[in-house]
1. Residues to consider are A:Tyr64, A:Tyr134; find the one that is among the aromatic types (Phe, Trp, Tyr), surrounded by 24 or more Cβ atoms within 10 Å (Cβ to Cβ) and at pLDDT 95 or above.
2. Among the residues of region A:75-94, is there at least one that is within 13 Å of the chain's Cα centre (by Cα), within 11 Å of chain B (Cβ to nearest Cβ), free of Cβ contacts under 8 Å to residues at least 60 places away in the same chain and not in a helix (DSSP H, G or I)?
3. Out of all the residues in region B:94-127, which are touching a Ser or Thr at 6+ places or on another chain (Cβ under 8 Å) and either away from chain A (no Cβ under 14 Å) or modelled with pLDDT under 95 (or both)?
4. Taking only region A:189-232 into account, find how many residues are of a type in the set (S, T, N, Q) and in contact with a helix residue (DSSP H, G or I) (Cβ under 7 Å, 6 or more places away or on another chain).
5. Condition first: touching a strand residue (DSSP E or B) at 6+ places or on another chain (Cβ under 8 Å), within 14 Å of chain A (Cβ to nearest Cβ) and among the acidic types (Asp, Glu). Now tell me which residues in region B:128-178 satisfy that.
6. Yes or no: A:Thr237 crowded, with 21+ Cβ neighbours inside 10 Å, in contact with a Lys or Arg (Cβ under 9 Å, 6 or more places away or on another chain) and over 22 Å from A:Leu20 (Cα atoms)?
7. Would you say B:Thr140 is within 18 Å of B:Glu308 (Cβ to Cβ) and either within 16 Å of the chain's Cα centre (by Cα) or in a helix (DSSP H, G or I) (or both)?
8. I'm told A:Leu122 meets every condition in (1) over 22 Å from B:Met91 (Cα atoms); (2) within 8 Å of chain B (Cβ to nearest Cβ); (3) hydrophobic (A, V, I, L, M, F, W, C) except one. Can you identify the failing condition by its number?
Amino acid sequence: MPEDSEERNKFIKAYTAMVLSRTLDRKIVTSQRQGRVGFYTPTMGQEALQVGASMAMETADLIYGYYRDVPLMLHRGVPIETIINQIMGNDSDRAKGRQMPSHFSSKEFNFMSVQSPVATNLPLATGAAYALKYQKKKNIVLATFGDGSSSTPDFHAALNLAGVFELPVVFLCENNGWAISLPVERQTKVEIWTKAEAYGIKGVKADGNNFVDTYEKVNEAVKRAREGKGATLVEATSFRMGPHSTSDDPTKYRTENVEEGSEKDPIVVSEKILKQRKYVDDKMIENIKSRTHKLVEEKFNECEKISPPNPSTAFEGVYKNTTWMLKEEVEDIL
Amino acid sequence: MTEMNMVQALNSAMDHLLSKDKSVILLGEDIGKDGGVFRVTEGLQSKYGEDRVIDMPLVEVGIVGMAIGMALTGLKPIAEIQFQDFIYTAMDQIINQMAKLRYRSGGDYTVPMVLRTPYGGGVKGGLYHSQSGETYFAHTAGLTVVTPSNPYDAKGLLLSSMEYGDPVIFLEPKRLYRSSKGEVPDGEYKVPIGEAKNIKEGNSVSIITYGSMVPTVLNIVEKHKIDADVIDLRTLLPLDINAILSTVKKTGKVVIVHEAPRTLGMGAEISALIAEKAIDSLLGPILRVTGPDSPFPYRWEEYYLPNEKRIMKAVNSVMTYG
């Protein structure tokens, strides 16, 4: 093994976040099948691209993500408990179980609260980027979304605005090939990254299965944004190895899939990269995996013991000062 | 005090806000060089710069979405949608982002902003420059909806809206932009959100109205010397329930006037609240004088808008009831 180098530490951190996310993913899906969790949108297959993108970001940069960004959050340092508590909607969840699982939020790590309607985070990201530019801050905004989002009016609006105002924002399209049942070939006639040209911003494609490639492409985009050179659309291609959500049966619409542990699995690809550079060996990989497994089991069990939030919290926090109507209605309900 | 019309009062409010606080940003279509199609933002871009009074590309979803993002990042945006009729592509942003961020983030993320838009008919604007869509917004938890009927309230409500801490939909009755005039303080003052105003006292009938119909109602009441208690709601969400109930208890007879279509208009909610909370005070049916359940027409808008004939018919009907 080589001496500890900055890159080695970075790569091991990246790999560990990917393994943690994959382990958590499996645990949540299994728990959903057992009726312990209500719903989930698995991230399996998108670990490398998200971690690669996260490596290029600072904590003070703002993330406007979507409902499949667990690896990115974990790599950013969001505690695993934050993820599990949200999924369980328990009393320790910041939003007290108001949102369905996969709709995370972490102000501490500048990860904007997640919405369901796809791509509606993108215009928000341009507003945030405008604010940062106006306030003369060096930080930038990363907005993530799936391939299906590229068809929406919000995608068009946001990229156009980012072009017009030369905003410090990176649009990261996590192209996993599927928008529920619609393959990307039926979503759009062209490669998504090429759409950047229409908005006068930079477009680039990354191998989303290779975290180093995604890191390099996103890092370049981040650098441009920080230097005031404007926005970039990065399309990172990967595979959605799981279903759209735990309520979805992909066998109805797709015949092929990337199997876990196969050559195209981004975790396997990442292991190869780390081994080639002699940053890890099989023993270390096993170590990381078993440690991670233990951590997930431990945290999951701990979080499961937390009681549900008080029902009254479901009707709080709508406004700074609650309305007389809601007070009256809640009195009737509780 | 200066005599102003509503356009000048709103301009004065925004001028004040921009001069006081560098985080105040205006964004909308044609609001900069052109000063807005109704001239509400006239002169503000040359005074405060293109980065603070932003001429936006023609994209309502982008204007609203961008304003939300600004509000989330420490700015205090006032966004303008040129006509309320054009706001619908931004409804996803308004309903699913703007209104829900505080709730869904456990209060970590809030959206202190104002979304201004002219609404209502009577300016020969046809189907797409005349709509009164207040119900769409008032039906959404997380929003606050206000509408002034005169220059004083316009400035005072806008100043209050900017300090409200939550998103405010600010509906401007475009028919009154220039026709409504009055004394307006030059400096800062507030018209509280959530408070209606009893603008004329009387004992025989309550007329509950808001926005563009207020001057119409006042003229008719004066002309016919009706002993009416007239309430200008000023805030549509949340309604001022105390003001509504106290006038009902005083007169026992209620006419509600608005130009939005009758079905599920504000009048429906007000009627239901009165029925639930003050039915024993009623001495007759609650009557609504509203726009009909049709699109807003171009050629015959005077038939669409509640007029003297229809308002008097309702007033006479409840006053002679029983």
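1. Result of the check over A:Tyr64, A:Tyr134: A:Tyr64.
2. Looking for residues that are within 13 Å of the chain's Cα centre (by Cα), within 11 Å of chain B (Cβ to nearest Cβ), free of Cβ contacts under 8 Å to residues at least 60 places away in the same chain and not in a helix (DSSP H, G or I), one finds none in region A:75-94, hence no.
3. Matches in region B:94-127: B:Val114, B:Tyr119, B:Gly120, B:Gly121, B:Gly122, B:Val123.
4. The initial filter retains those residues of region A:189-232 that are of a type in the set (S, T, N, Q), namely A:194, A:209-210, A:214, A:219, A:232.
Next, from what is left, pick out any that are in contact with a helix residue (DSSP H, G or I) (Cβ under 7 Å, 6 or more places away or on another chain): A:209-210, A:214, A:232.
Within region A:189-232, residues that are of a type in the set (S, T, N, Q) and in contact with a helix residue (DSSP H, G or I) (Cβ under 7 Å, 6 or more places away or on another chain) number 4.
5. Result: B:Asp166, single match.
6. Numbers: crowded, with 21+ Cβ neighbours inside 10 Å: yes; in contact with a Lys or Arg (Cβ under 9 Å, 6 or more places away or on another chain): yes; over 22 Å from A:Leu20 (Cα atoms): no.
So A:Thr237 does not fit the description; no.
7. Values: within 18 Å of B:Glu308 (Cβ to Cβ): no; either within 16 Å of the chain's Cα centre (by Cα) or in a helix (DSSP H, G or I) (or both): yes.
When the stated conditions are applied, B:Thr140 does not pass them.
8. Result: A:Leu122 fails condition (1) only.
The values are calculated or read from the model by the stated rules, or taken from the named source; none is laboratory data. In this text the structure is predicted, and so the values were computed from the model without any measurement. Heads up, the Cβs are rebuilt from the backbone with ideal geometry, glycines too, and the neighbour counts pull from every protein chain shown.
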